[in-house]
Amino acid sequence: MIAKLKGQVDSVDTDSAVIDVGGVGYLVSASARTLRDLTVGGPVAVLVETIVREDAIALYGFLETAERDWFRILTTVQGVGARVALSILSTLSPNEIARAIAAQDRATLSRPAGVGPKLAARLATELKDKAASFGIVPAAAAPANAASPAAAGGGSINEDAVSALVNLGYKRIEAFGAVARVTQRLGADAKLDAVIRAGLQELAR
């Protein structure tokens with residue numbers, strides 16, 4: 001499983017790039033946002049999501065952890081394959097996606113190519129529910145409920161862990177992604193200090 005590539009940009013196309021690592025060229029699909037930041041002949045390190053199919057092994061590259069995390073989250077929604085996820089990430093930044101889901105802004109979510117009104121509605125509904133359970137809801141959507149009884153338990157622990165990581169200097173969207181992965185691994189009964197420690201280890205990778 002390829003998780004990261006570090007080398008030189010060999011070429012850039014409309015929806016992919018070739019990364020030369022020690023003389024081996026890897027074809028990596030990426031969002032327009034990522035491809036715009038690549039310079040042919042320049043050094044690069046990309047995070048990679050490897051998807052294995054029956055007929056191919058596809059690599060998807062990201063310059064930011066937040067973009068990779070949202071790629072993973074988006075592709076959990078029925079009807080959102082890798083290409084549609086990249087289309088969304090080409091049009092909307094990770095923060096814009098988070099804000100649109102928190103605000104249930106279906107118009108913004110339907111802007112990317114390949115996302116119609118029905119899929120935008122599914123994204124808004126399914127990801128808001130999933131984000132709430134994994135602690136990925138942007139802070140702007142949570143304050144009113146943060147102290148309510150409904151917020152007690154796993155959701156509040158996740159939010160506290162995110163706040164702790166932000167206070168340590170990490171970006172909020174990166175902290176959300178790290179806590180999401182940690183809670184999936186440790187389970188809903190994990191204590192706050194364990195989630196924070198595991199989150200720090202995740203972010204240090």
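Here is how the numbers come out for the structure above:
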item: Selection status of Asp10, in a strand (DSSP E or B) and of a type outside the set (A, V, I, L, M); result: yes
item: Residue within region 98-111 that is out of contact with any Asp or Glu (no Cβ under 9 Å at 6 or more places or on another chain) and closer than 26 Å to Arg205 by Cα present; result: yes
item: Qualifying residue in region 23-45 (condition: in contact with a Phe, Trp or Tyr (Cβ under 7 Å, 6 or more places away or on another chain), in a strand (DSSP E or B) and either small (Gly, Ala, Ser) or more than 18 Å from Ser87 (Cα to Cα) (or both)); result: yes
item: Residues of region 175-191 classified as assigned to a helix (DSSP H, G or I), modelled with pLDDT of 80 or more and not small (Gly, Ala, Ser), total; result: 5
item: Residue match in region 89-96 (condition: surrounded by 19 or more Cβ atoms within 10 Å (Cβ to Cβ), in contact with a helix residue (DSSP H, G or I) (Cβ under 6 Å, 6 or more places away or on another chain) and among the small types (Gly, Ala, Ser)); result: no
item: Residue check for Thr108: over 14 Å from the mean Cα position of the chain (by Cα) and among the β-branched types (Val, Ile, Thr); result: yes
item: Failed criterion for Ala58 (all others in (1) in a strand (DSSP E or B); (2) within 24 Å of Val182 (Cα to Cα); (3) not basic (Lys, Arg) hold); result: (2)
item: Residue check, Ala85 part of a helix (DSSP H, G or I), within 21 Å of Arg122 (Cβ to Cβ) and in contact with a Phe, Trp or Tyr (Cβ under 6 Å, 6 or more places away or on another chain); result: yes
item: Tabulated pairs, region 174-189, first more than 18 Å from Ser93 (Cα to Cα) and assigned by TED's automatic domain parsing to the domain that holds Ala161, second β-branched (Val, Ile, Thr) and not in a helix (DSSP H, G or I), C-beta under 6 angstrom, 6+ apart or interchain; result: Ala180/Ile136
item: Flag if Val24 is modelled with pLDDT of 95 or more, surrounded by 13 or more Cβ atoms within 10 Å (Cβ to Cβ) and among the β-branched types (Val, Ile, Thr); result: no
item: Flag for Arg99 being in a helix (DSSP H, G or I) and either under 21 Å from Glu174 (Cα atoms) or assigned by TED's automatic domain parsing to the domain that holds Ala180 (or both); result: yes
item: Residue count for region 125-170, restricted to those that are at pLDDT 80 or above and either of a type in the set (Ser, Thr, Tyr) or in a loop (DSSP other than H, G, I, E, B) (or both); result: 5
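The values are calculated or read from the model by the stated rules, or taken from the named source; none is laboratory data. Quick caveat, the model's predicted, so the values are computed rather than measured. Note that each Cβ is placed from the backbone with ideal geometry, even for glycine, and that neighbours are counted across all protein chains shown.
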